[in-house]
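What follows is a set of notes on a single structure, which appears directly below.
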Amino acid sequence: MLRMNKNHHVTTAAAAASAIIFALIISAAPLSAEGGQSAKQDRVKKTSIGIETGVDRYYGYTKYQIGGNTSGRMNYFPYWYPNIKIWFPLSELKFPLETWMVYGKAILNYPGFMTIEAGFKKSVSPKTGHMEDTDWTISGIQTIYSESTARMDAIISHIDALFTAVEDGPFSLRLGLGFMHQYFDFTCSNVAQVDASNVIYGKPVYFDIIGGRTLTYELKYFIPHLSGAIKLSFFSDSLDFNLGLKYSPFNYALDRDDHILRARMSRDRAMGYATVMTLFNVKYRFDSGVFFTLGFDYTYILMKGTQRQYNYPSYFTLVNYLADVKNGSTPAEAFYMNFPGLTGNIDNRLESQQIAISAGAGYSFEL
């Protein structure tokens, strides 16, 4: 519960900060228009191209939860149970996004008409904290918890086209659309686990440490979005304050989870409608065309789908079979539970919160 409250505070604080910045920019627009109108009239705006590079410090997480509607193999050979609804969540895997990224972007600006921006980010620090795996084998009661060392490779790319809706002196409002793709590839190892799932049967709490690679997770977000951006300029366009908002009414995700120790692969296709991105950026440009930027981005993603789970042949197939027989299953039951193929479907929920603090530099020139 404590971790959930902290995530809620992060969301609320980021949203409040964006709202305050947005209000300040709008309220300041008339004042800056009077002070900077004459200076801007002396400058003839031309089509320009800008190239920017820099670093991002990333914070946040991406996680998935399973539970709810489910179907699959039972522990009682040879039955398949369809359309059974259980509690939610049954299990949660939370992957950290604490890393450094380098980024690059290109901007083509047609003054008074449109701006096109394309960019990418690439992680450069694979260490990203600890993955947390939590199970509720009894409804509402956390019974299993584990942490493992996580390493991550991430690539994020985007393209946006914004059209000028309002331009009044140093104030401009642009509206448009864009597309973002996010790719995350996690490798988890060295698990430390506490298992209290059998305490109700009179058995002790179980502690375990497992070395080596135990899980891999690959995730892709596809996010088309509507965009809006406000720019307020000072000192003859040398200093810009930019605030952006992006909303996706429909987005899509693909993920793949390989539980190596269980010889089980899980795949999911999820769709969502609640992706929101806010962006704040300050840019200072010298007469030479060189500029520096500082920025803050916040992204929230929520999607739902169905996870399909498969057993695959592995050394651990035999290990799991022998463990099930040792724990009381008949050979037929153990074989049924572990042989390769589809093991079941279950509801899945994807959620991600991402915060990026950036610093960059670039160069722009007029055509």
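The table that follows gives values for the structure above.
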quantity: Relative contact order (%) - criterion: Cα under 8 Å, at least six apart; region: region 284-367; calculated: 53 percent
quantity: Fewest-first sequence of 184, 339, 286 by Cβ atoms within 10 Å of each Cβ; calculated: 286, 339, 184
quantity: Residues of type aspartates and glutamates that residue 85 reaches as a straight line, Cα spacing below 12 Å, ignoring anything fewer than 8 places off in the same chain; calculated: 347
quantity: Trypsin sites (Lys or Arg not before Pro), loop per DSSP, at most 13 other Cβ atoms within 10 Å - longest free stretch of the chain; calculated: 47-367
quantity: Mean ellipticity per residue at 222 nm, deg cm²/dmol - from DSSP H runs of n ≥ 4 across the chain, formula -39500 (n - 2.57); calculated: -5500 deg cm²/dmol
quantity: Distance (nanometres) between label positions extended 7 Å along Cα→Cβ at residue 357 and residue 106; calculated: 3.2 nm
quantity: 22 Å tail of the calculated P(r), region 224-313, as % of Cα pairs; calculated: 54 percent
quantity: Gained length - residue 218 relative to residue 155, 0.36 nm times residue gap less alpha-carbon distance; calculated: 21.5 nm
quantity: Residues of type lysines that residue 283 reaches as a straight line, Cα spacing below 18 Å, ignoring anything fewer than 8 places off in the same chain; calculated: 40, 45, 105, 231
quantity: Computed log₁₀ I(q)/I(0) - Debye formula, equal Cα scatterers, no solvent, the chain, q 0.11, 0.12, 0.14 Å⁻¹; calculated: -0.82, -0.93, -1.16
quantity: Listed residues 65, 230, 292: farthest to the positive end of the dipole of region 2-366 (Cβ charges); calculated: 65
quantity: Full-extension gain in nm, residue 71 to residue 53, via 0.36 nm per residue minus C-alpha separation; calculated: 1.6 nm
quantity: Dipole axis of the chain (+1 Lys, Arg; -1 Asp, Glu on Cβ), positive-most option in 83, 107, 194; calculated: 83
quantity: Eligible aspartates and glutamates near residue 46 by straight Cα distance, threshold 14 Å, same-chain separation 8 or greater; calculated: 237, 366
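Where a number appears in this text, it was derived from the coordinates with a stated rule and is not lab data. Being a predicted model, the structure only gives us computed values, none of them experimental. Here Cβ is always computed from backbone atoms with ideal geometry, including for glycine, and neighbour counts include all displayed protein chains.
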